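Below is one structure, written out as C-alpha cells; comments come after it.
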Amino acid sequence: MSYSIVKADLDRDRTDIINFWRSNFSVWPVSKFQYFYKDNICGKAKCWMIKESTNNLVIGITSIFPRKFALHSHKIKAGITGDFALLVRVTNFLCRILYNKTCQ
C-alpha cells in the first residue's frame, strides 16, 4: 500500500476534509471549516491530507492555523497545529510495522 501527502486546496478539497471529519469526528460541526479554516482573522489555515494512492481515499489530515503572538514586545506570525488524525485501521497498520521492525 502506498500513500501520498497532498497540500489541500481549501476550496477544491473542502468536501474531502468534511467527509473525513464526519467519518471520524461526528460531533464536529461543518461550520468549523469556514470559521477555523477560511475566516480565521490571522489568515487561512494550511492543511495536508494523507491519501491512499490506489483509491485516492483520505486516510489522515493535519492542519496549521495561523496566529499572531507577541514575543519580547515584537509581533510575530506563527501557527498552531491541530486536527491531526489518522484512520484507526491506518494507525494499527503503522503500529504493526513499527513493532515488527523493533522486534527484529
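Read-outs throughout are calculated quantities, based only on the coordinates presented, and are distinct from any laboratory measurement. The structure presented is a predicted model; accordingly, all values stated were derived computationally and were not measured. Backbone-built Cβ (ideal geometry, glycine too); neighbour counts: all protein chains shown.
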Handout entry: Relative packing of 19-28, 79-88, which averages over residues the other C-beta atoms within 10 Å, highest first
Key = 79-88, 19-28
Handout entry: Exposure proxy order (Cβ contacts within 10 Å, fewest to most) of R14, R67
Key = R67, R14
Exercise for the section: At a Cα cut-off below 18 Å, give the aspartates and glutamates reachable from K32, other chains included and same-chain residues fewer than 8 away excluded. Expected result: D9, D11, D13, D16, D83
Fill in the blank from the handout: For K38, the lysines lying under 19 Å Cα to Cα, once residues fewer than eight places off in the same chain are dropped, come out as K7, K46, K68, K77
